[in-house]
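Report on one structure; see the data block that follows.
The values are calculated or read from the model by the stated rules, or taken from the named source; none is laboratory data. As the structure is a prediction and not an experimental result, all values here were calculated from the model. Here the Cβ positions follow ideal geometry from the backbone for every residue, glycine too, while neighbour counts run over all protein chains shown.
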């Protein structure tokens, strides 16, 4: 088995601030994902990466940057935090792409903007 | 429009009872379906996947897929308090890496 570790668990920042969330996985999976979970809106894909140094935009990428410098890690940056984007951010990984492969999620990081 | 739609939004089930959750897709490109469960304060965990028409049973959980109508269901037999959670239906296309598309979820509450 493996584990996905997200840090920090809670990230508190001010409006307009640049904030970064980190994710590490020890599954040795190729593909990693960042999702945003808002209450009542399900999970929406922000960015994904099919291999080291690869980045692909999801439906919700505006206002975010991502970085995949190592196979095991994937970080997400909120470029200018806004109060309406307080949500839980979920990192996931899969052995290949999502076509037929299960995604494994971390526990989530909650963003609070003051 | 939501590509994966779930019903009901919430469901209360007596302990020992049967919970039935439904999911319909509007995108005929979706070939693979999953049910995920999320307890409060945790990340979603995959319960089961279903890729072929018919039933798939894992313990107390049975999923059913009808590809012609793009309808997936999940039935939880002998519901336990630990089954109280948010359940998501998720789907993906053949040959695409770009993540799963999730429904908005069904909240299940099991009462004694």
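Just wondering, is there one or more residues in the stretch B:20-34 that are under 10 Å from the mean Cα position of the chain (by Cα), free of Cβ contacts under 8 Å to residues at least 60 places away in the same chain and within 14 Å of another protein chain (Cβ to nearest Cβ)?
Within the stretch B:20-34, one or more residues are under 10 Å from the mean Cα position of the chain (by Cα), free of Cβ contacts under 8 Å to residues at least 60 places away in the same chain and within 14 Å of another protein chain (Cβ to nearest Cβ).
Every residue in the stretch B:38-66 that is over 30 Å from residue A:110 (Cα atoms) and in contact (Cβ under 8 Å) with a residue 24 or more places away in the chain, please. Full working, then the answer.
Kept after step one, since they are over 30 Å from residue A:110 (Cα atoms), are these residues of the stretch B:38-66: B:50-66.
Listed by number, the residues that qualify are B:61, B:63, B:65.
I need every pair where a residue in the stretch B:80-100 that is more than 7 Å from chain A (Cβ to nearest Cβ) and closer than 18 Å to residue B:16 by Cβ has its Cβ under 6 Å from the Cβ of a residue that is modelled with pLDDT of 95 or more and surrounded by fewer than 18 Cβ atoms within 10 Å (Cβ to Cβ), sequence separation at least 6 or different chains.
Pairs that qualify, where the first residue is more than 7 Å from chain A (Cβ to nearest Cβ) and closer than 18 Å to residue B:16 by Cβ and the partner is modelled with pLDDT of 95 or more and surrounded by fewer than 18 Cβ atoms within 10 Å (Cβ to Cβ), are B:84/B:109; B:85/B:39.
Output the residues belonging to the stretch A:46-78 that are within 11 Å of another protein chain (Cβ to nearest Cβ) and farther than 25 Å from residue B:88 by Cβ.
A:51, A:54
Within the stretch B:68-76, can one find any residue that is surrounded by fewer than 18 Cβ atoms within 10 Å (Cβ to Cβ) and either without any contact (Cβ under 8 Å) to a residue 24 or more places away in the chain or touching a helix residue (DSSP H, G or I) at 6+ places or on another chain (Cβ under 6 Å) (or both)?
So far as the stretch B:68-76 goes, yes, one or more of its residues are surrounded by fewer than 18 Cβ atoms within 10 Å (Cβ to Cβ) and either without any contact (Cβ under 8 Å) to a residue 24 or more places away in the chain or touching a helix residue (DSSP H, G or I) at 6+ places or on another chain (Cβ under 6 Å) (or both).
Considering the stretch A:40-63 alone, what residues qualify as being farther than 21 Å from residue A:107 by Cβ and assigned to a strand (DSSP E or B)? Talk me through it step by step, then tell me what you get.
Our first condition is that a residue be farther than 21 Å from residue A:107 by Cβ; within the stretch A:40-63, this holds for A:50-57, A:59, A:61-63.
Matches in the stretch A:40-63: A:56, A:57.
Quick one: residue B:41 ticks every box in (1) touching a strand residue (DSSP E or B) at 6+ places or on another chain (Cβ under 8 Å); (2) in a loop (DSSP other than H, G, I, E, B); (3) within 14 Å of chain A (Cβ to nearest Cβ); (4) modelled with pLDDT under 95 except a single one, so which number is it?
Answer for residue B:41: the failing condition is (1).
Only one residue in A:55, A:76, A:11 is at negative phi and surrounded by fewer than 16 Cβ atoms within 10 Å (Cβ to Cβ), so which one is that? Write out each step before concluding.
Details: A:76 fails: surrounded by fewer than 16 Cβ atoms within 10 Å (Cβ to Cβ); A:11 fails: surrounded by fewer than 16 Cβ atoms within 10 Å (Cβ to Cβ).
After ruling out the rest, the residue left standing is A:55.
Return yes when residue A:43 is more than 17 Å from residue A:5 (Cα to Cα), over 10 Å from the mean Cα position of the chain (by Cα), within 13 Å of chain B (Cβ to nearest Cβ) and crowded, with 22+ Cβ neighbours inside 10 Å and no when it is not.
On the way: more than 17 Å from residue A:5 (Cα to Cα): yes; over 10 Å from the mean Cα position of the chain (by Cα): yes; within 13 Å of chain B (Cβ to nearest Cβ): yes; crowded, with 22+ Cβ neighbours inside 10 Å: yes.
It is true that residue A:43 is more than 17 Å from residue A:5 (Cα to Cα), over 10 Å from the mean Cα position of the chain (by Cα), within 13 Å of chain B (Cβ to nearest Cβ) and crowded, with 22+ Cβ neighbours inside 10 Å.
I need a count of the residues in the stretch A:86-114 that are in contact (Cβ under 8 Å) with a residue 40 or more places away in the chain and away from chain B (no Cβ under 14 Å).
Count: 4.
Confirm whether residue A:38 is modelled with pLDDT of 90 or more, touching a helix residue (DSSP H, G or I) at 6+ places or on another chain (Cβ under 9 Å), within 11 Å of chain B (Cβ to nearest Cβ) and farther than 29 Å from residue A:1 by Cβ. Give the steps one after another, and end with the answer.
Details: modelled with pLDDT of 90 or more: yes; touching a helix residue (DSSP H, G or I) at 6+ places or on another chain (Cβ under 9 Å): yes; within 11 Å of chain B (Cβ to nearest Cβ): yes; farther than 29 Å from residue A:1 by Cβ: yes.
Yes, satisfied.
Can you work out which of the residues in the stretch B:1-19 that are within 13 Å of chain A (Cβ to nearest Cβ) and either surrounded by 13 or more Cβ atoms within 10 Å (Cβ to Cβ) or free of Cβ contacts under 8 Å to residues at least 24 places away in the same chain (or both) is nearest to the chain's Cα centre (by Cα)?
Among those residues, the one meeting the criterion is B:6.
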